[in-house]
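Enquirer: What follows is a structure written as structure tokens; I'll ask about it next.
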Amino acid sequence: MSIDSPASATGSLAEDAASRYLTQNGYRVVARNWRKPWGELDIVAKKDGRHHFIEVKAQSREVAGFAAHIRAGRLKLAKVRRTARSWLASFGGGAEPEWQIDVIEVTIDRIGRQAHVTHFLNVETESSS
């Protein structure tokens, strides 16, 4: 995936690349950077009636043992889960919608102006109960 703006911040580039990846793979991005005092949702997308709350992790190079998706640990995912429940309460559109938490890792190569996207599906699944 090509990077359009090398001057942009790494996090913003990663979220842009993740959004393009999702759109190209049949997801509909419905929100980005949705914030509450206790957390933020990088991307909210929908596919096949299921909400996907996506934590985007960026890195500028691959480092063994320190992959970007590993940085989405238990505490971070707990914040995403809590914020996802708030989003669903406001915009979920019905009782007990199907949802899951995904992580998208984006490795950015500024020299080659490329972004490599890896999608980790369903790192946590819960109903809205």
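Every number here is computed from the coordinates shown, using simple stated rules; none is lab data. Keep in mind that what you see is a predicted model, and the values were worked out from it rather than measured. Here the Cβ is made from the backbone with ideal geometry for all residues, glycine too, and neighbour counts use every protein chain on show.
Enquirer: Using modelled amide H (1.01 Å from N, peptide plane; none on Pro or chain starts), what sits under 5 Å from the amide H of E124, excluding residues fewer than 5 places away?
Expert: I101
Enquirer: In whole Hz, what ³J(HN,Hα) sequence does the stretch 83-96 give by Karplus (6.51, -1.76, 1.60; θ = phi - 60°), x for Gly and Pro?
Expert: With the stated coefficients, the stretch 83-96 comes to 5, 4, 4, 5, 4, 5, 4, 8, 10, x, x, x, 6, 6 Hz.
Enquirer: A follow-up question, please. Could you pull out every one of the lysines with an alpha carbon less than 20 Å from that of K76, ignoring same-chain neighbours closer than 8 positions?
Expert: Candidates past the 8-residue exclusion: K36, K57.
Enquirer: Taking H as built 1.01 Å from N, whose amide H comes closer than 5 Å to the amide H of A31, not counting residues under 5 places away?
Expert: So A31 has HN proximity to V44.
Enquirer: Now, a different point. How far is it, in nm, from the label point at E40 to the one at T23 when both lie 7 Å from their Cα along the line to the Cβ?
Expert: About 2.1 nm separates the two model spin labels.
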